[in-house]
Amino acid sequence: MSQRGFSRSGLEWLSSLPACLLLLAVVLFSTSSDIHNQMLRGGEQLWSGYYKLRMDPVQPECDPNQDIDRAVQEKLAEEKNSDDPMAALLGEAEIDPAEVRLAVERSVENCRQSHASYESLQGKMTTGVKVYRAVELFVADLIAFGLESQRFILVLLVMLCAVTATLTRHHIAMRAMETRLDYMVSHTLQTVANVMLLGSSVIFRQLSFGSDASVSSTELALHNFWITGFAALTIASLYRLFRVPDDLQEGGDFNKAFLAVPLYTVMCLISGTYFALIGHASGIGIYLGKMMELSDMFLNVGLYVWVGMMLKQTRLATLVFNVFRPWRMPPELLAVVAVLVAAVPTAYTGASGIFVIAAGAVIYSELRAAGARRHLALAATAMSGSLGVVLRPCLLVVVIAYLNREVTTDELFGWGIWVFVLTATMFAAVALTVNRQNDFNLAPASDAMAPMLSALKKLIPYVLVIAVVVLFYRWALDVSMDEFSAPRLLPVIMLAILVYEHFSLRKKKSEVIDDAGNRVQVNHQGLERSLRSATNDTTAEIGALLLLLGLSVSIGGVIERSHIMEAFPQAFDSAWSAMLLMVVILVILGMIMDAFGAVILVTATVAGIAYGSGIHPIHFWMVTLVAFELGYLSPPVALNHLLTRQVVGESEVLAAQNEGGTFYQRHERIIMPLIAMGISLILVAFVPLIFYT
């Protein structure tokens, strides 16, 4: 590889490279447990009784050649000369020599068996066993180290990526910074919020030491990691505050400037102010510390983001669109196809927002190239990550089942298929009937089949690469592809695809998506550059998403401590009334909170009310998932629309807003998803009640 391929910027050396190593460590640690299980089975197959050979056998201290008659006489003499006070109190009992002899004989026999076992194990301790055992025990130690370091990896990843997102101005906000006023207001409030985070963490550490409970060295190190991380984040925001870029416009409007403040900052200011007013200044630190209890879940979120960014570097999305391009579908139909096809990778990237970030630019550019109006393309892009969250192996569903023993992943995914069919049907009905502006003049099958089959052939190598990785894990490690193994298999699959493209596309040109969402022809950049670009994007996105998620947990703490939910009845006589309230609450939570933080809050507060009111747990969580997705598409926050704006470019969104037409046409990107998901939510929420209430 050329020297140029390894030329990195200072930020890449200090940010994306360490983040890449941390993510690889997570995959390694999680896979090492599978390797260890197979090594234990292999050791048992190679050497019977390998479990006993894992430690050096200890020679028994007893005498296998002991004189039984002499031992019996000594035992009888000991019993007669015993000064046991209990024997004196209860009276002397007659000693049976036969029983004493039987006990001595059993003891000698056990001793002989122990010596025989020792000699047998000594005979099996060959050089091969010792070498194999050394490797197996090393893997076991690696697993133990991985489990112990999981929380530290999460803190390092969150803080490293949050600092990167701050330095690169990549935090998620309602609108981008365009003027100097936007910039100053945003970074001033970011600095205040970061100082709040730092202060809360310091106070939480002091309170932990002031309590009666002793603080372990691990907990102390975690406290110090959080404090160091928030100090670095504060310094980064101060640096950005005083280093104003030259490309910003002069002037600005205060109302618009506040919309450029990152969502995590708003959540931090709200929760920090609330906790300070009730005399609980350590509140944010405590709730961020709760992330450690689910560190594996949050690390999986990071892995899914990485998978999404690696997907963005491949040709997969473009090749899939090439399959449908020969049919010359009208834009509305192509939008439906795009959203339906996107459901599968959405399920495998963990959450809707991650997929929008990963493939949104491709979907938007393909729809625009097919003649779709901007509002339709933006609506489809925002919805591309909404339908697949109920399909296997979506991480969000796994988290729900983990936190709620009333439901299982099999039950949720089983009913999720029907919810997917419903939401897909609703979106298709809205897209193909409301404001349809094109006729359905598909290309003749005779013209379309040949190029479609040619496009499908180009996908065969990718299918084979995926199959090889999945089958390797299945046969070599006894790991099936499911919702529990997906977080560690998918990064390996995407790395394998990048390796395949590195060797198959060298010196070839391929289509990629630029920052404006346009398809351009470029030379293939190779494995190292692709992985570097993916990790650069991943670092900023993880910082934005995980910090937002952590502060969502803090907002959940505000709602929990303010006892808002206690104002509502803890159970309703009517399941219909309860469901109406649930729908309103869940949509609002979806509008203001990240999915994972909202699930934690709903589990602690709303779920119990639903169960007590006669709503079936599976029904309730299906409603929750659909309501969350409606919330992500609903103003004023509309997270999926914010992510769409981020990937397609501010200029495209502004161009769409400046287009004329009817009220619906001017706001189609917002209204179309709301109609489709709103009708779906009503049907999912209330139709099942007819059958079981």
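Data table
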| quantity | calculated |
| --- | --- |
| Alpha-carbon centroids, segment 624-693 and segment 215-236: separation in whole Å | 39 Å |
| Under the Debye formula (equal points on every Cα, no solvent term), log10 I(q)/I(0) of segment 182-275 at q = 0.15, 0.19, 0.20, 0.24 Å⁻¹ | -0.67, -0.91, -0.97, -1.19 |
| Cα→Cβ-extended label distance, 7 Å offset, between residue 95 and residue 56, nm | 4.0 nm |
| Per-residue HN-Hα couplings for segment 307-315 [Karplus 6.51, -1.76, 1.60; θ = phi - 60°; Hz; x = Gly/Pro] | 4, x, 6, 5, 4, 4, 7, 8, 8 |
| Free-standing Cys, the chain [no other Cys Cβ under 4.7 Å] | 20, 161, 268, 394 |
| Normalised contact order of segment 562-692, rounded percent, pairs of Cα under 8 Å and 6 or more residues apart | 30 percent |
| Rounded to whole Å, sorted largest first: equivalent-ellipsoid semi-axes of segment 562-692, Cα gyration tensor | 32, 17, 11 |
| By average C-beta atoms within 10 angstrom, highest first, the peptides 101-114, 333-346 | 333-346, 101-114 |
| Chymotrypsin sites (Phe, Trp or Tyr not before Pro) lying in DSSP loop within segment 421-468, provided at most 10 other Cβ fall within 10 Å | 440 |
| Size of the chain as Cα extents on the principal axes (Å, biggest first) | 111, 64, 61 |
| log10 of Debye I(q)/I(0), alpha-carbon scatterers only, for segment 332-432 at 0.14, 0.17, 0.21 Å⁻¹ | -0.52, -0.71, -0.97 |
| Order of 100, 135 under a 10 Å beta carbon neighbour criterion, fewest first | 135, 100 |
| Computed label-point distance, nm, for sites residue 24 and residue 436 using a 7 Å Cα→Cβ extension | 5.2 nm |
| Rel. contact order, % - alpha carbon contacts under 8 angstrom, at least six apart, segment 590-647 | 47 percent |
| Other-chain or far-sequence residues with amide H under 5 Å of residue 173's (modelled H) | 263 |
| Neighbour-count ranking [beta-carbon atoms within 10 angstrom, fewest first] of 446, 577, 530 | 446, 577, 530 |
| Packing rank of 225-233, 415-423, 654-662, 34-42, where each peptide gets the mean count of other beta carbons within 10 Å, highest leading | 225-233, 415-423, 34-42, 654-662 |
| Cut-off under 5 Å, modelled amide H: who pairs with residue 179 long-range | 249 |
| MRE, 222 nm, helices only [DSSP H, n ≥ 4, -39500 (n - 2.57), over the chain, to nearest 500] | -23500 deg cm²/dmol |
| The chain, relative contact order [Cα under 8 Å, separation at least 6], % | 17 percent |
| Residue 17-residue 665 FRET efficiency (beta carbon distance; Förster radius 41 Å; 0.05 resolution) | 0.30 |
| Contour minus Cα-Cα distance for residue 127 and residue 563 (0.36 nm per residue) | 150.4 nm |
| Alpha-carbon Rg/Rh ratio, for segment 127-182, with Rh computed the Kirkwood way | 1.45 |
| Low-density loop positions, trypsin sites (Lys or Arg not before Pro), segment 174-277 - DSSP coil, at most 12 other Cβ in 10 Å | 243 |
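No value in this document is a laboratory result; all are computed from the given coordinates. On a predicted model such as this, the values are computed, not experimentally measured, just so you know. When we count neighbours, we look across all protein chains shown, and the Cβ atoms used for this are built from the backbone with ideal geometry, even at glycine.
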